[in-house]
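K.L.:
Can you read through this structure? Questions will come right after.
What follows draws every value from the coordinates through simple rules; no lab data is involved. Keep in mind that this is a model prediction, so the values were computed, not measured. Cβ placement follows ideal geometry from the backbone for every residue including glycine, while neighbour counts extend to all protein chains displayed.
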Amino acid sequence: MDETYDKYIIPNNIVRSHELLHLIQGIVEDLRELHSMGIIHQNLKLQNVLIVEYNNKTYTRISDIRVIKDHTHLETLKWRAREQMFGEETKETDLFSLGYFIYFCLTRKEDLFAENLFGRDYNVVEEKKFVNALQNYSKAFNLCAQLLNSNPKTRPQASMVLHHPLFWDVSKKILFLSVSSDRLEVRCLPQISR
């Protein structure tokens, strides 16, 4: 099976599951690899992510790496970062698109900034985003807010995104809680004994 992300995720109703986060993590890994080689994708969107099954496992792969800058397709315009509107292309623009990608995959809402393209561009430039659909999913809300930041220099790099708690497995979450509760206990004990 080789399908694009939009044709696989939506019909199969994969929502906020371990499988969905695994597939998103594969996209982040691909971006990290591209960026480490100095390559900017420039066109990350649902239609440019392939779903591949190999040895009974499902993987994602980024496709359609742009050589020529061409932002004439409306679907592409919807995913562009603020700085792209002013002609700037950096790896941080890919990270903005990644934030949009994660937001869409977890909410199925495309209207992150507005329902029409003009309103969307205006709100991107004015730094107005509507990530409210993720408020009850705090780790995803936090990551998307960072990736969609209007200042490209503050967006976390793909290598840092891979370490975000959104992608932690159960054992890592338990380890974090164990270590942090031990540290909290050590800090609080001297104050309690006074």
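K.L.:
Starting with the highest mean, order 173-180, 26-33, 56-63 by the number of other Cβ atoms within 10 Å, averaged over the residues of each peptide. Walk me through the intermediate numbers first.
P.N.:
Values: 173-180: 10.8, 26-33: 19.6, 56-63: 14.2.
Top to bottom by mean Cβ count within 10 Å: 26-33, 56-63, 173-180.
K.L.:
Under a Cβ-Cβ cut-off of 10 Å, what is the net charge of the residues other than residue 35 that fall near it, where Lys and Arg count +1 and Asp and Glu count -1? Walk me through the numbers before you get to the answer.
P.N.:
Numbers: positive: 32, 91; negative: 30, 33, 92, 94.
In short, -2.
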